[in-house]
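Here is the structure we will look at, set down as structure tokens.
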Amino acid sequence: MFENHKAPEADKILRVMKLFADDPRADKIDLGVGVYRTPEGLTPVMGAVKAAERRLLEEQATKGYVALAGDPGFHAALRQLTFGDSAAADRIACLATPGGTGAVRQAFELLKAQNPHVTVHTSAPTWPNHEAILDTLGIRWQPYRYYDAATGGLDRDGMLADLAAVKRGDVVLLHGCCHNPTGADLDLSDWQAIADSLSRTGAVPMVDLAYQGFGNSLDEDVAGLRLLAAAMPEMLLTVSSSKNFGLYRDRVGLLLVLTETPAITQAVQGTLAWLNRQSYAFPPDHGARVVTEILSDASLRADWTAELTEMRDRVIAMREALAKALRLETQSDRFDYLLSQKGMFSRLPASEDQVAQLRREHGVYMIGDGRINMAGLIEETVRPAASAIARVLT
Ligand code: LMR
């Protein structure tokens, strides 16, 4: 049966993760996969998570099934964190999923079930797994202009021109904050312009939110998507708790679907539960319960917010240090654009060959499109990384 079996091409990001792990050099530098690291190079369990887990260990009386769509307490906690206090809960269907990727997958499954001919418009560039999942599901996708490599910012005119041409019922996929892979974010006037455009065309927004809290602050990072939710009759939101709660391997994600009326929401909620049933029946619960515990307890929530702030500050400090070191190394302001970008990622203007050369000759690992993860830097590696980048890219 499997004699002629061919595996699909490995994911671009996970391939770099493996190459890095296999490299025996002690001074290698990992700017690849998007995980947070401390100055010691660790991805630790957050203190608030440990505390919530201790409580669960003491107090949890059953491991019995919850519900196909997950725990309503978890839905409410993440709905509040993302959409805010004023969210119309009876217009939002929710589905707990294994990680943010699970939420993205189930969102696309829902779109396909609703309209097999839907086109999803993705930012150019976007997280490569968006495109891979769409391809796997046979959903048509079309890039819209987004990143301007000349400025390191947004190609606003190009984006708005492309979005003006989308069709009613098509879906426009946006990054909530900390755009992956470029770090080039939308400001509130961009979000407003997108809302106006979508209202004119009748297209539906889908927002992927994997880095809330890593840009400016927990609230500022969702101000744009809240603006959109207030303006649009329908919207999809996919949330990951991997990064901001550090719960990577526990797989905590949520899909939220805003619809026009409570009755429609009920119907969509039924389909969402069915999608989980077809895929894995019940979603994982442990990590979701940890998130709920933290968000529902004032003291744990304050501890978590403080820890997340520390993480964000470290990423910003590394971003600033790298930009400064590149200024010195290149004697130019060529890389100053890094300072205007948000979150863990930025994109270097490197060809695939240059990325391979950086890896081979300098042990500096990044994704093939030049994406770097600032959280992979520590004070001691900023200078060697900058010097390698300057040498290979100039
Ligand atoms: C990334 O973009 O590096 C992360 O979201 C990890 C992943 O699953 O791709």
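Close Cβ contacts (under 8 Å, 6 or more residues apart or on different chains) running from residues in segment 86-114 that are over 20 Å from Pro284 (Cα atoms) and touching a residue at least 40 places away in the same chain (Cβ under 8 Å) to residues that are of a type in the set (Gly, Ala, Ser) and assigned to a helix (DSSP H, G or I) comprise Ala87/Ala229. State the number of residues belonging to segment 142-166 that are of a type in the set (A, V, I, L, M, F, W, C) and over 17 Å from His179 (Cβ atoms). Within segment 142-166, residues that are of a type in the set (A, V, I, L, M, F, W, C) and over 17 Å from His179 (Cβ atoms) number 4. For segment 155-178, indicate whether the set of residues that are away from the ligand (no atom under 16 Å from the Cβ) and on the phi > 0 side of the Ramachandran plot is non-empty. Checked against the condition, which is being away from the ligand (no atom under 16 Å from the Cβ) and on the phi > 0 side of the Ramachandran plot, segment 155-178 yields at least one hit.
Checking each residue in segment 24-57 for being within 16 Å of the ligand (Cβ to nearest atom) and either more than 28 Å from Pro181 (Cβ to Cβ) or not in a strand (DSSP E or B) (or both) picks out Leu31, Gly32, Val33, Gly34, Val35, Tyr36, Arg37, Thr43.
Kindly establish whether Ala323 is touching a Leu at 6+ places or on another chain (Cβ under 6 Å), farther than 30 Å from Lys50 by Cβ and without any contact (Cβ under 8 Å) to a residue 24 or more places away in the chain. It is true that Ala323 is touching a Leu at 6+ places or on another chain (Cβ under 6 Å), farther than 30 Å from Lys50 by Cβ and without any contact (Cβ under 8 Å) to a residue 24 or more places away in the chain.
Conditions (1) crowded, with 20+ Cβ neighbours inside 10 Å; (2) under 18 Å from Gly202 (Cα atoms); (3) of a type outside the set (S, T, N, Q), marked per residue:
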site	(1), (2), (3)
Gly100	yes, no, yes
Gln106	yes, no, no
Leu111	yes, yes, yes
Pro116	no, yes, yes
His130	yes, no, yes
Thr136	no, no, no
Gln142	no, yes, no
Asp148	no, no, yes
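Taking each residue of segment 3-17 that is without any contact (Cβ under 8 Å) to a residue 24 or more places away in the chain and under 13 Å from Gly368 (Cβ atoms) and looking for partners that are more than 9 Å from the ligand (Cβ to nearest atom) and assigned to a loop (DSSP other than H, G, I, E, B) with beta-carbon atoms closer than 7 Å, six or more apart or interchain, yields nothing. Exactly one residue among Ala184, Ala132 is part of a helix (DSSP H, G or I), touching a residue at least 60 places away in the same chain (Cβ under 8 Å) and within 16 Å of the ligand (Cβ to nearest atom), and that residue is Ala132. Scanning segment 201-227 for residues that are more than 25 Å from Arg319 (Cβ to Cβ) and either assigned to a strand (DSSP E or B) or free of Cβ contacts under 8 Å to residues at least 40 places away in the same chain (or both) turns up Thr201, Gly202, Val204, Pro205, Met206, Leu227.
Here, each number is a calculation from the coordinates, and none is a lab measurement. Since the structure is predicted, the reported quantities are computational estimates derived from the model, not experimental observations. Here the Cβ is made from the backbone with ideal geometry for all residues, glycine too, and neighbour counts use every protein chain on show.
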